[in-house]
1. Applying the selection to region 119-139, what residues are free of Cβ contacts under 8 Å to residues at least 60 places away in the same chain and touching a Gly at 6+ places or on another chain (Cβ under 7 Å)?
2. Got at least one residue in region 1-8 being open to solvent by 10 Å² or more (accessible area, probe 1.4 Å), out of contact with any Pro (no Cβ under 6 Å at 6 or more places or on another chain) and of a type in the set (Asp, Glu)?
3. Quick check: is even one residue across region 98-105 over 25 Å from Ile176 (Cβ atoms) and of a type in the set (Ser, Thr, Tyr)?
4. Got a number for residues in region 57-77 being at pLDDT below 90 and of a type in the set (A, V, I, L, M)?
5. Would you confirm whether any residue within region 10-23 is surrounded by fewer than 22 Cβ atoms within 10 Å (Cβ to Cβ), of a type in the set (Gly, Ala, Ser), touching a Gly at 6+ places or on another chain (Cβ under 8 Å) and part of a loop (DSSP other than H, G, I, E, B)?
6. For region 58-175, which fully contained strands (runs of 3 or more DSSP E) count at least 2 residues that are open to solvent by less than 60 Å² (accessible area, probe 1.4 Å) and of a type in the set (A, V, I, L, M, F, W, C)?
7. Out of Thr40, Thr31, which single residue is surrounded by fewer than 16 Cβ atoms within 10 Å (Cβ to Cβ) and either outside any strand (DSSP E or B) or in contact with a Leu (Cβ under 6 Å, 6 or more places away or on another chain) (or both)?
Amino acid sequence: IHDIHVDGTRIYADKTIDGVVGVDVASGFSTPVELGRIKTSYSHATWAGTAGGRKIAIHGDEGMTASEGGAFLRVIDAEETSPTFMKEIGRYQSRKSVGIHNMTLVGDRAYVAYYQDGIRVLDLSNPTQPREIAHYNTFDVATAPGMSFEGALGLVVVGDLIYVADDLRGLLVLRIDS
């Protein structure tokens, strides 16, 4: 398991080449119930919540494989009663050659740490059609060593501030203009 996200009694486990597995531990940790799974090329990180009035999980696929069309953000239906539960319902991609390291969901917005493509802010008021509404490029190709996994690594949104961990530039603090 590469990463996990906990949403109430649900655990979303990112199992690298085995995809994302949703597990419910409402009955206790000794009796977990697998809710579903989705195959991915390389499951890096997942975050669950509600956007557009719909229970979703956003997933960073870092596979960068030709068969999947490169690295991208996948929107997964996380509503158990839905016929599309644990299936992809939307997708966003900046560039095929750049992976996603981490993300968070705040209301109808996804904030994505997108390595060399900096911070991307997506409107998920319609989760089936993610739409970029803002970005800040933290990356400077002139000063970067040229490795695949460098740039914006993580972020935390607190109020109108985005705290960004960038392995080349350090800590950046961005303000959200509404």
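1. Matches in region 119-139: Thr128, Gln129, Pro130, His135, Tyr136, Asn137, Thr138, Phe139.
2. Scanning region 1-8, I find at least one residue that is open to solvent by 10 Å² or more (accessible area, probe 1.4 Å), out of contact with any Pro (no Cβ under 6 Å at 6 or more places or on another chain) and of a type in the set (Asp, Glu), so the answer is yes.
3. No, that holds for no residue.
4. So the answer is 3.
5. Checked against the condition, which is being surrounded by fewer than 22 Cβ atoms within 10 Å (Cβ to Cβ), of a type in the set (Gly, Ala, Ser), touching a Gly at 6+ places or on another chain (Cβ under 8 Å) and part of a loop (DSSP other than H, G, I, E, B), region 10-23 yields no hits at all.
6. So the answer is 72-77, 102-106, 109-113, 119-123, 152-158, 161-166, 170-175.
7. Result: Thr31 is the single residue among Thr40, Thr31 that is surrounded by fewer than 16 Cβ atoms within 10 Å (Cβ to Cβ) and either outside any strand (DSSP E or B) or in contact with a Leu (Cβ under 6 Å, 6 or more places away or on another chain) (or both).
Every residue, every condition in (1) touching a Lys or Arg at 6+ places or on another chain (Cβ under 7 Å); (2) not hydroxyl-bearing (Ser, Thr, Tyr), yes or no:
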{"position": "Asp77", "(1), (2)": "yes, yes"}
{"position": "Thr81", "(1), (2)": "no, no"}
{"position": "Phe85", "(1), (2)": "no, yes"}
{"position": "Gln93", "(1), (2)": "no, yes"}
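The values are calculated or read from the model by the stated rules, or taken from the named source; none is laboratory data. Here the structure is a predicted model, which means the values were calculated and not measured. Note that we place each Cβ from the backbone using ideal geometry, even for glycine, and neighbour counts take in every protein chain shown. Each accessible area value is taken on the protein alone, full model and side chains, heavy atoms only, with ligands, DNA and RNA left out. Shrake-Rupley method; radii C 1.70, N 1.55, O 1.52, S 1.80 Å.
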